[in-house]
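Okay, structure first, notes after.
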Amino acid sequence: AELIGDGNGIVLPGFVNGHTHLTEGLITGMGETALLWEWFERVVNPCGMVISREEVALGTRLKAVEMLESGVTTVNDMSCHRNLGSLASLGAVDGLVELGMRGIVSFGAENIYPDAPPVDVFMDEHEALADHIAGQQMIDFRAGIGTVLGITEELFKRTIDACAEHGWAVHTHLAEVREELTASRIEHGCSTIEHAGRMGLLEHEVIAGHCIWCSEKDIGL
C-alpha cells in the first residue's frame, strides 16, 4: 500500500460526541473534587443564571477546537442555562457554525427551581432555537428536556405536544444517578424511564444521556 505521511498517523472517520453541554465550555475543570450535586449547586447552576449567548458562543468555539483536534467532527449538544430571555442556547449554534462543525443542538429546559419564569418562556426558547437552526446546513435541532424530574408536568406536556406538532426529536438525561431513581419512585411510583414512557416521551425519537441506573424493564422500554 502507498504510504502517505510519516507512518505515524491513522485515517479514521470523524468521531461523534453523543452528549455534551457546550454552555459549560468556559467552566471546564471547576469543581473537579465535588460530587455531582455539589458541582450543580456550586458551579453549574450559578453560572447558568448569568451566562449569555455571546459567552456560550465563545465557550463553544473553544470546545469545538478541542473536539476537532481529537477527531470529533459531529456533536450532539444540550445547552442548559437559567438565564431565560438571553437565548443563550443559540450561542452553541453560533460557535459550531463559525468552526464548521456538524452538530445537533437542544435547549435543556428545566423549570423546577425558585422564581422560574412561566412555561411560555421556555417554549419560546425552543422555538427560537429551532428557527435559528432552520437555515443552517450542518446543524440540526432537537427539543431538550434537562431532566424529567426537573420540569413541571405542564412543561413536560407542552414539550411532548410540540414534538408531535413539529416532528421534533428529543435530547434528555435519563437514569443518570441513583438519587434520581429514589426521587422518581417516591414521586411517581416508578423509574424515570417508566415515567418518561407514561408521559409519551418515548413515542418520539430520543437520545438519552447516561442511562446508568437502568433495570431490565427500563432497557426494554
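The values are calculated or read from the model by the stated rules, or taken from the named source; none is laboratory data. This one's a predicted model, so the numbers in the text were calculated from it and none came from an experiment. A quick note on method: Cβ atoms are made from the backbone with ideal geometry, for glycine too, and the neighbour counts reach across all protein chains shown. Just so you know, the surface numbers come from the protein's heavy atoms only, side chains and all, with ligands and any DNA or RNA stripped out. Shrake-Rupley method; radii C 1.70, N 1.55, O 1.52, S 1.80 Å.
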Among the numbered criteria (1) in contact with a helix residue (DSSP H, G or I) (Cβ under 6 Å, 6 or more places away or on another chain); (2) closer than 17 Å to residue 140 by Cα; (3) not charged (D, E, K, R), which single criterion is violated by residue 171?
-> (1)
Single condition residue 135 does not satisfy, out of (1) at pLDDT 95 or above; (2) closer than 30 Å to residue 73 by Cβ; (3) surrounded by fewer than 16 Cβ atoms within 10 Å (Cβ to Cβ); (4) of a type outside the set (A, V, I, L, M, F, W, C) = (1)
Restricting to region 146-187, what's the tally of residues that are assigned to a loop (DSSP other than H, G, I, E, B) and more than 17 Å from residue 129 (Cα to Cα)?
-> 8
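The rows are residues; the columns are (1) under 17 Å from the mean Cα position of the chain (by Cα); (2) surrounded by 16 or more Cβ atoms within 10 Å (Cβ to Cβ); (3) not hydroxyl-bearing (Ser, Thr, Tyr).
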site: 22; (1), (2), (3): yes, yes, yes
site: 35; (1), (2), (3): no, no, yes
site: 45; (1), (2), (3): yes, no, yes
site: 48; (1), (2), (3): yes, yes, yes
site: 70; (1), (2), (3): no, no, no
Cross-chain or 6+ apart pairs with Cβ under 7 Å, region 208-221 first and within 23 Å of residue 78 (Cα to Cα), then small (Gly, Ala, Ser) = 210/175; 211/175; 212/175; 213/175; 214/175; 218/175; 218/191; 221/197
Can residue 108 be described as in contact (Cβ under 8 Å) with a residue 24 or more places away in the chain and either open to solvent by less than 30 Å² (accessible area, probe 1.4 Å) or out of contact with any strand residue (DSSP E or B) (no Cβ under 7 Å at 6 or more places or on another chain) (or both)?
-> yes
Of 86, 106, which residue is modelled with pLDDT of 95 or more, in contact with a helix residue (DSSP H, G or I) (Cβ under 9 Å, 6 or more places away or on another chain) and in a loop (DSSP other than H, G, I, E, B)?
-> 86
Test set (1) under 22 Å from residue 22 (Cβ atoms); (2) at pLDDT 95 or above; (3) surrounded by fewer than 18 Cβ atoms within 10 Å (Cβ to Cβ); (4) not charged (D, E, K, R) - residue 186 fails condition number = (1)
Near pairs, Cβ below 8 angstrom, 6+ apart or cross-chain, from region 10-28 (of a type in the set (Phe, Trp, Tyr)) to any residue that is open to solvent by 40 Å² or more (accessible area, probe 1.4 Å) | 15/70; 15/73
Quick one: count up the residues across region 188-197 that are part of a helix (DSSP H, G or I) and touching a helix residue (DSSP H, G or I) at 6+ places or on another chain (Cβ under 8 Å).
-> 6
Determine which single condition residue 177 fails, assuming it passes every other condition in (1) modelled with pLDDT of 95 or more; (2) under 15 Å from residue 146 (Cβ atoms); (3) open to solvent by less than 40 Å² (accessible area, probe 1.4 Å).
-> (1)
Regarding residue 164, is this residue within 24 Å of residue 40 (Cα to Cα), open to solvent by 30 Å² or more (accessible area, probe 1.4 Å) and among the small types (Gly, Ala, Ser)?
-> no
Positions within region 50-67 being assigned to a helix (DSSP H, G or I), touching a residue at least 12 places away in the same chain (Cβ under 8 Å) and open to solvent by 60 Å² or more (accessible area, probe 1.4 Å), in sequence order = 53, 54, 55, 58, 61, 62, 65
Looking at 65, 93, 72, which is the one that is out of contact with any Leu (no Cβ under 9 Å at 6 or more places or on another chain) and over 30 Å from residue 183 (Cβ atoms)?
-> 72
